[in-house]
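None of the figures in this text is laboratory data; all of them are computed from the coordinates on show. Every value quoted in this text rests on a predicted model; they were computed, and no experiment measured them. Quick reminder, even Gly has a Cβ in these numbers, built from the backbone with ideal geometry, and neighbours come from all protein chains shown.
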Amino acid sequence: MTAVALIELANPRCSPGEPWNRLAARLREDRGVGLIELLIALLVLNIGIFATFAAFTSGAVALRHASHVSTATALADKTMEALHDSSYNAIASSAATNTPGADGRTYTLQVAVTEQSESTGGSGKVKKAIVTVTDPADNTVHVTSTSTFSLCTQAALSSNANPCQS
């Protein structure tokens, strides 16, 4: 049997009484195909819309977190600068205090100071200050800033004479 004969047998116009020809004719019809194509297009469109919405939502969350970290960093820098402007004897630990940030939120700020001896020469007295800024809402640490203060460099800020000068 040739391909032409197969095509003619599958043609519903050749023998309309045979059931398999009616089935083949119904399968070739275009009725309902537009509805299926429309449903598939809507499904693809919805997936794209939900993916875009999820991207915007995660972007907003990331921006909010970056804003909190930025405000906490500014508070830590301000506190550390105040310590740098202090005399050596005035640099001391402080209890955790709630401090308002520029973004309208309250942050917990704590200063921990430890006294150490300097191993590289110099005055021999060094204080290490650690400023920690946490979010009291969920107790997450946003920023930890560390700096060291030498008796020789900070003595110039006090009224006493510099003990490191000969």
### For the range 63-77, Karplus couplings with θ = phi - 60° (6.51, -1.76, 1.60), whole Hz, Gly/Pro x
5, 5, 5, 5, 5, 5, 5, 5, 5, 5, 5, 5, 5, 5, 5
### Message
Under the 0.36 nm per residue contour assumption, what length would be gained going from the current alpha-carbon distance of ILE36 and ASP103 to full extension?
### Response
19.0 nm
### Message
Modelling each spin label as a point 7 Å along the Cα-to-Cβ direction, I'd like the ALA55/SER86 distance in nm, to one decimal.
### Response
4.9
### Within-13-Å neighbourhood charge of LEU75 [Cβ basis; K, R +1; D, E -1]
-2
